[in-house]
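**Q** Input: one structure, supplied below.
The values are calculated or read from the model by the stated rules, or taken from the named source; none is laboratory data. The shown structure was predicted, so the numbers you read here are calculated from the model rather than taken from an experiment. Please note: Cβ atoms are built from the backbone with ideal geometry, for glycine as well, and neighbour counts cover all protein chains shown. We work out accessible area using only protein heavy atoms, side chains counted, and drop any ligands, DNA or RNA first. Shrake-Rupley method; radii C 1.70, N 1.55, O 1.52, S 1.80 Å.
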Amino acid sequence: MTRAVIAGSGAHIPPIRITNGMLATIMETSDEWIRERSGVEVRQWVERGTSTLALSIPAARQAIESAGLTPSDIDMVVYATMTPDYYMPGNGCLLQAALGLRSVPCFDIRQQCSGFVYGLQLADAHVRSGLAKHVLLVGAEVHSAFMPFGEASWARLAGAVDTPIPQHEWDFNTQNRHLEVLFGDGAAAVVVQAFDGEGRGVLDHLIGADGTDFNRLYIPGAGTRNRPYIDQALLDRNEQWPQMDGRYVFKMATTKMAEAAQQILARNGVRPDDLSLVLMHQANRRINEYVQKLLGLPDSKVIHNIQKYGNTTAATIPLLWDEASRAGRIAPGDLVLTVAFGAGMSWGANLMRA
Ligand code: UT7
């Protein structure tokens, strides 16, 4: 029976290191609060002008190479991002052109932090049904573009000035601090390919969504509700920036990630002890520690990257995969579980033998 395996991976982390202390120079926050409440110690942001597509190109090239393939072998692209280069078209087609792929189908998916988990389900379905042999699955984000900072704040972060920022910038940054401290930029990619042997392959997926409370984590503008879809009034209302009810999202993420993990394990007859590694979306270390405890997993089976990258949304799980496999922590046949929760609200888990 043909199954899908992850045959190669790649990652690209941007160069600008933003510490919690640096953020504390432009808003009312502290290193201590951010570490304790979220687990983030530092995040990496792109240089101004570097887009999500640009960040993902080296990651995708590396994934193709590490799978022992060339770009001409890829016969489908799935691109997960909530921070695309353009409102339309999506980044999938842009990546196809940038890599010089054949005129293969390109899907763009927008499940935010669940993007990789959803994307793997889509890639797996195409591989298993014989519609594709080599799927390039990408998760990439440039969240720094969604930081609502003024010019003085950017200059202070860049170290260009060391004088205090204007009060109105300080106040606005502080109003949005629960979001600004969490997110980082990053890109990662995997190649999902057909495998006809024994003992390896993606086993199951459990993905779900509930749009009832979508506006607990969303960007109100710009969209077709408005006419024109973007205007000065919208900008004056600050509707171009993300908005989040942190406590609500925290609670729902904890519940849904735990449920998804428990259900996918139970229906496959897998005990937490059988797992070699669990790759959880990294929105808040406390969410993941709760899920880890509930499943009774030792620290050796759970890896984190929130401390050094922050929440990189769709890039998080493939970044974890890439680092773990390069460090020799994923061997062929190992049972690996991925779990995620994101805006939508959306959630999911994948279970595979690596
Ligand atoms: O990937 C999916 C997307 N996102 C998530 O999953 C995020 C889920 N939510 C969270 O991770 C947490 O809710 C946050 C980290 C966003 C916030 O942590 P919290 O412990 O839930 O804090 P809170 O929102 O209940 O706020 C507690 C206090 C408030 O002050 P007051 O009203 O008690 O005076 C906040 O204003 O903490 C304050 N606060 C901060 N203080 C210093 C919020 N953000 C910050 C900050 N620095 N960065």
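**Q** Residues being surrounded by fewer than 19 Cβ atoms within 10 Å (Cβ to Cβ) and among the β-branched types (Val, Ile, Thr): count how many of those fall in region 167-192.
**A** Adding up the residues that qualify gives 1.
**Q** Right, here's the next one. Report every pair of residues separated by at least 6 positions or lying on different chains whose Cβ atoms are under 6 Å apart, first residue within region 303-331 and outside the structural domain of Gly186 (by TED's automatic domain parsing), second basic (Lys, Arg) and open to solvent by 10 Å² or more (accessible area, probe 1.4 Å).
**A** Hits for this filter: Ile306/Arg285.
**Q** Right, another one. Please go through (1) within 22 Å of Val117 (Cα to Cα); (2) part of a loop (DSSP other than H, G, I, E, B) for Asn226 and return the number of the only condition it doesn't satisfy.
**A** (1)
**Q** Also, I was wondering about something else. Mind counting the residues in region 85-114 that are within 21 Å of Val339 (Cα to Cα) and either out of contact with any Ser or Thr (no Cβ under 7 Å at 6 or more places or on another chain) or open to solvent by 10 Å² or more (accessible area, probe 1.4 Å) (or both)? Lay out the reasoning, then the answer.
**A** Step one: filter region 85-114 for residues within 21 Å of Val339 (Cα to Cα), giving 108-114.
Right, trim to either out of contact with any Ser or Thr (no Cβ under 7 Å at 6 or more places or on another chain) or open to solvent by 10 Å² or more (accessible area, probe 1.4 Å) (or both) and you get 108-113.
Number of matching residues: 6.
**Q** What pairs can you find where one residue is in region 180-207 and of a type in the set (Lys, Arg), the other is part of a loop (DSSP other than H, G, I, E, B) and open to solvent by 30 Å² or more (accessible area, probe 1.4 Å), and their Cβ atoms are less than 7 Å apart, with a gap of 6+ or different chains?
**A** Arg200/Pro332
**Q** Could you list all residues from region 31-56 that are crowded, with 20+ Cβ neighbours inside 10 Å and among the aliphatic types (A, V, I, L, M)? Don't jump to the end; show me each part of the working.
**A** We begin by selecting, within region 31-56, every residue crowded, with 20+ Cβ neighbours inside 10 Å; these are 34, 38-40, 43, 45-46, 52-53, 55-56.
Matches in region 31-56: Ile34, Val40, Val46, Leu53, Leu55.
**Q** Taking interchain pairs and intrachain pairs at least six residues apart, which have beta carbon atoms under 9 angstrom, with the first residue in region 145-172 and more than 30 Å from Leu53 (Cβ to Cβ) and the second open to solvent by 70 Å² or more (accessible area, probe 1.4 Å) and not in a helix (DSSP H, G or I)?
**A** These pairs meet every condition: Trp170/Glu28; Trp170/Pro164; Asp171/Glu28.
**Q** Here's a follow-up. Find the residue count for region 165-212, including only residues that are within 16 Å of the ligand (Cβ to nearest atom), under 22 Å from Ala80 (Cα atoms) and not aliphatic (A, V, I, L, M).
**A** Qualifying residue count, region 165-212: 8.
**Q** Is one or more of the residues making up region 40-56 farther than 30 Å from Ile165 by Cβ and out of contact with any Asp or Glu (no Cβ under 6 Å at 6 or more places or on another chain)? Walk me through it before giving the result.
**A** Residues of region 40-56 that are farther than 30 Å from Ile165 by Cβ, as a first pass: 53, 56.
Applying the additional criterion that residues be out of contact with any Asp or Glu (no Cβ under 6 Å at 6 or more places or on another chain) yields 56.
Yes, region 40-56 contains at least one residue that is farther than 30 Å from Ile165 by Cβ and out of contact with any Asp or Glu (no Cβ under 6 Å at 6 or more places or on another chain).
**Q** Determine if region 274-290 includes at least one residue that is within 26 Å of Ala11 (Cβ to Cβ), acidic (Asp, Glu) and in contact with a strand residue (DSSP E or B) (Cβ under 7 Å, 6 or more places away or on another chain).
**A** Taking every residue of region 274-290 in turn, none turns out to be within 26 Å of Ala11 (Cβ to Cβ), acidic (Asp, Glu) and in contact with a strand residue (DSSP E or B) (Cβ under 7 Å, 6 or more places away or on another chain).
**Q** Can you pull out every residue in region 255-278 that is open to solvent by less than 70 Å² (accessible area, probe 1.4 Å) and over 17 Å from Ala209 (Cα atoms)?
**A** Leu265, Asn268, Gly269, Val270, Pro272, Asp274, Leu275, Ser276, Leu277, Val278
**Q** Here's something else I'd like to know. Need at least 3 residues that are more than 30 Å from Gly199 (Cα to Cα) per element, so show me which strands (runs of 3 or more DSSP E) inside region 1-99 make the cut, counting only ones lying wholly within it. Give the steps one after another, and end with the answer.
**A** Details: elements: 3-12, 16-19, 42-45, 76-80.
Hits in region 1-99: 16-19, 42-45.
**Q** Can you list residue pairs whose Cβ atoms sit under 6 Å apart, with the first residue in region 231-259 being in the same structural domain as Met280 (by TED's automatic domain parsing) and more than 18 Å from Leu295 (Cβ to Cβ) and the second being near the ligand (Cβ under 8 Å from one of its atoms) and open to solvent by 40 Å² or more (accessible area, probe 1.4 Å)? Count only pairs 6 or more apart in sequence or on different chains.
**A** Listed by first residue and then by second, the contacts come to Gly246/His178.
**Q** Next question. Working only within region 264-302, note down all residues that are within 17 Å of Ile207 (Cβ to Cβ) and free of Cβ contacts under 8 Å to residues at least 60 places away in the same chain.
**A** Ala266, Val291
**Q** Same structure again: Among the residues of region 122-140, count how many are hydrophobic (A, V, I, L, M, F, W, C) and either assigned to a loop (DSSP other than H, G, I, E, B) or open to solvent by 30 Å² or more (accessible area, probe 1.4 Å) (or both). Before you say what the answer is, go through the steps one by one.
**A** Step one: list which residues in region 122-140 are hydrophobic (A, V, I, L, M, F, W, C), which gives 122-123, 125, 127, 131-132, 135-138, 140.
If we keep only those that are either assigned to a loop (DSSP other than H, G, I, E, B) or open to solvent by 30 Å² or more (accessible area, probe 1.4 Å) (or both) as well, we get 122, 125, 131-132.
Count: 4.
**Q** Pull up region 291-314, narrow it to residues that are among the small types (Gly, Ala, Ser) and more than 13 Å from the ligand (Cβ to nearest atom), then point me to the one that is most open to solvent (accessible area, probe 1.4 Å).
**A** Per the stated criteria, the residue is Ser300.
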